[in-house]
Amino acid sequence: MGMNLAEKILSEHLTAGKMIPGEDIAIKIDQTLTQDATGTMAYLQFEALGLKKVKTELSVSYVDHNMLQASFENADDHQYLQSVAAKYGIYFSRPGNGICHQVHLERFGVPGKTMLGSDSHTPTSGGIGMIAIGAGGLDVAVAMGGGPFYMKMPEIINVRLTGKLKPFVTAKDIILEVLRILTVKGGVGKIIEYGGPGVASLSIPERATITNMGAELGATTSVFPTDERTREYLSFQKRVKAYRKLEADPDARYSRIVEIDLNKLEPLIARPHSPDNVIEVRKLKNVAVNQVCVGSCTNSSLSDLLVTAKLLKGKRVHPGVSMTVTPGSKQVFEAIAASGALTEIIAAGARIIESACGPCIGMGQAPGSGGVSVRSFNRNFPGRSGTKDANVYLASPETCVAAALAGKIADPRKLGKYPRIVLPKTIKIDDSGILPPSKTPAKVEIKRGPNIAPLPLNKPMADSITGEVLLKVGDNITTDHIMPAGAKVLPLRSNIPKISEFVYYLVDADFSKRAKEKGGGFIVGGDNYGQGSSREHAALAPMYLGIKLVAVKSFARIHLANLINFGILPAIFADPGDYDKIGQGDRLELPDIKVAIAKKKTVEVFNKTGNQKYILKIDHLTERQRTIIIAGGLLNYTRSGGN
């Protein structure tokens, strides 16, 4: 029996375990990626390991999230990141050089390599044939130190593409269709591998759009085979030597095959407040729009913006709409300037934002109260835009332009003939915004501003624990719910005591205060708890507040790993009905918890308030993960000699 593409790459990097779905494996990591919202903490953790240099083939530190310098915090963090990169053998992508995933695809992505990134959209590089996985910063720090990445071997789902996209139907519509089929939790524990004759018609930026939003499926990663389109892209980037032909064997097997006929797709849009709430654009009538945003790591490539410019040329954005456009990288910015596309965008009335994540993570451009924003982004969770009651829709750049011109959600196919886009034969390659590490690292002094607080460490798990249910929440709780992003909170990422004041702030503004007053406690949740970004602060800050247990119906992958990494016990209700029996404020007791974690598949919980007993499953935890939780987290475990 042949191997699929994901299995081929994983087998080349396997350091432990057998590639049987659900079995524990460890893989060697070739490259790492961080961004400034997660990177500062990741490098503080790397420093705590006591190593002199990273041990990966390549590690890159990007600055693309905390770009609004309203005070000293972000600028101080950027100086810290630059000095750490210089000292420890890491490349540093300066502010303004671009969004990490766009730049990495352009300048560093290598087919057949593995990458771990402290950003959930790291799988973007799967568009170029990498196994690129989003993870918490602590996992990335350990990988930079040469440690393998541990996970359960995912199932491999094949999305088989046939046919060819019609005009005004895009790669964004492909991934929205996949989300409609599989839902935001349909990819948990799975790798999405694309194949079929339809792949050949998709450019690398189009494939990257699809793998980028694989994160919204909850998937471990997504990956495309490599072909002549891959070679062309790498040649365009003057990196053709990195090309390698990669494809599944003809007799490869998959756990499931999803067939999508590209000929039958039409423009789609995700309605508030979930990326899988997908409907055909033509079915939405008279939805007035206040804001339109084109860009983010999903749709900010050169081809995306050339199309946007052509569709806007000679027209004006509707007077009731504020439109922004974000080039994904300095390379893209310079290219649209040289081609004249930038002038066409500005002349139409759109506003240009610097090459950064910006409004996608609530860093500026928040919609007005109750506003409707149509965005070519990847997430539309409540409050993520920076406005709690905004309604955010996700769509292709083409559909975004149609909405911007009409002042309401509109079918882009009514814009007329689809414009012919011709990429330049060559592009200016200027890597001056990427600083190599110092050749004299011993002379580099780490710069630490006053906002960079000492790294908090957890204590080992107690023999027994008692506490209160500090919060009970429902299904599909996102990391944006747990640890909000935005201009108010993101600058505090390197200061856990300060950022902990915002844990669950949008859900229950008194949560942090209550946790401190009660000396910590427990959280109860529903299905798919912790979906969304890789932000480890959604586990690290609760750990700082004394959270010892999160009991839910099911977990999202990255957040589950982050809870383990910081010594919080992630448990699952053996009987989902027990979720309904627990109330916020109930006092729970977990006797002999340390012994149970070490030796048992379940944990007994006694509700002292309701005089009830519940059984929580912990059989999803590996022996190594159990040891990490008992030690009080991965950092304690690693420093004590674990690997």
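The values are calculated or read from the model by the stated rules, or taken from the named source; none is laboratory data. Every value quoted in this text rests on a predicted model; they were computed, and no experiment measured them. A quick note on method: Cβ atoms are made from the backbone with ideal geometry, for glycine too, and the neighbour counts reach across all protein chains shown.
Below, the figures for the structure above:
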read-out	value
Number of the exception - Ile421 against (1) in a loop (DSSP other than H, G, I, E, B); (2) over 27 Å from the mean Cα position of the chain (by Cα); (3) loosely packed, with under 12 Cβ neighbours inside 10 Å	(3)
Checklist (1) under 24 Å from Arg448 (Cβ atoms); (2) in contact with a Cys (Cβ under 9 Å, 6 or more places away or on another chain) applied to Glu73, failing item	(2)
Some residue of region 133-144 being crowded, with 24+ Cβ neighbours inside 10 Å, of a type in the set (A, V, I, L, M, F, W, C) and under 26 Å from Asp227 (Cα atoms)	yes
Count of residues meeting criterion [over 16 Å from Ile547 (Cα atoms) and in a loop (DSSP other than H, G, I, E, B)] in region 568-601	8
Residue pairs meeting the criteria (Cβ under 6 Å; at least 6 apart or on separate chains; first part of a strand (DSSP E or B), in region 311-332; second surrounded by fewer than 19 Cβ atoms within 10 Å (Cβ to Cβ))	Thr324/Arg351; Val325/Ile352
Region 359-377: number of residues that are small (Gly, Ala, Ser) and buried (at least 24 other Cβ atoms within 10 Å of the Cβ)	2
Qualifying residue in region 142-155 (condition: closer than 26 Å to Ile496 by Cα, assigned to a helix (DSSP H, G or I) and touching a strand residue (DSSP E or B) at 6+ places or on another chain (Cβ under 7 Å))	yes
Filter result for the condition that a residue is over 30 Å from Tyr254 (Cα atoms), of a type outside the set (Asp, Glu), assigned by TED's automatic domain parsing to the domain that holds Thr209 and surrounded by fewer than 24 Cβ atoms within 10 Å (Cβ to Cβ), over Ser83, Ser93	Ser83
Residue within region 176-189 that is touching a strand residue (DSSP E or B) at 6+ places or on another chain (Cβ under 8 Å) and closer than 29 Å to Thr638 by Cα present	yes
Residue check for Gly474: farther than 26 Å from Lys52 by Cα, out of contact with any Pro (no Cβ under 6 Å at 6 or more places or on another chain) and either at pLDDT 95 or above or of a type outside the set (Val, Ile, Thr) (or both)	yes
Flag if Asp580 is within 22 Å of Phe511 (Cβ to Cβ) and out of contact with any helix residue (DSSP H, G or I) (no Cβ under 6 Å at 6 or more places or on another chain)	yes
Leu44 in contact with a Leu (Cβ under 9 Å, 6 or more places away or on another chain), in the same structural domain as Ile192 (by TED's automatic domain parsing) and under 20 Å from Thr638 (Cα atoms)	yes
Subset of region 501-521 [buried (at least 16 other Cβ atoms within 10 Å of the Cβ) and on the phi > 0 side of the Ramachandran plot]	Tyr504, Gly520, Gly521
When residues of region 618-643 are limited to those that are small (Gly, Ala, Ser) and part of a loop (DSSP other than H, G, I, E, B), the one surrounded by the fewest Cβ atoms within 10 Å (Cβ to Cβ)	Gly641
Evaluation of Thr622 against (1) under 34 Å from the mean Cα position of the chain (by Cα); (2) modelled with pLDDT of 95 or more (one fails), failing number	(2)
Subset of region 1-56 that is closer than 30 Å to Ile361 by Cα and among the charged types (D, E, K, R) - its residue that is farthest from the chain's Cα centre (by Cα)	Glu47
Positions within region 2-23 being of a type outside the set (Gly, Ala, Ser) and under 20 Å from Gly146 (Cβ atoms), in sequence order	Ile9, Leu10, Glu12, His13, Leu14, Thr15
Whichever residue in region 359-378 is assigned to a loop (DSSP other than H, G, I, E, B) and touching a helix residue (DSSP H, G or I) at 6+ places or on another chain (Cβ under 7 Å) and, among such residues, is nearest to Val63 (Cα to Cα)	Met363
Residues within region 349-358 that are in contact with a helix residue (DSSP H, G or I) (Cβ under 6 Å, 6 or more places away or on another chain) and either at positive phi or surrounded by fewer than 22 Cβ atoms within 10 Å (Cβ to Cβ) (or both), tallied	0
Filter result (touching a Leu at 6+ places or on another chain (Cβ under 6 Å) and surrounded by fewer than 22 Cβ atoms within 10 Å (Cβ to Cβ)) within region 470-495	Ala487
Test for Val60: is it at pLDDT 95 or above and in a strand (DSSP E or B)	yes
Which listed residue is over 18 Å from Glu155 (Cα atoms), among the aliphatic types (A, V, I, L, M) and in a loop (DSSP other than H, G, I, E, B), from Val184, Val199, Val169	Val169
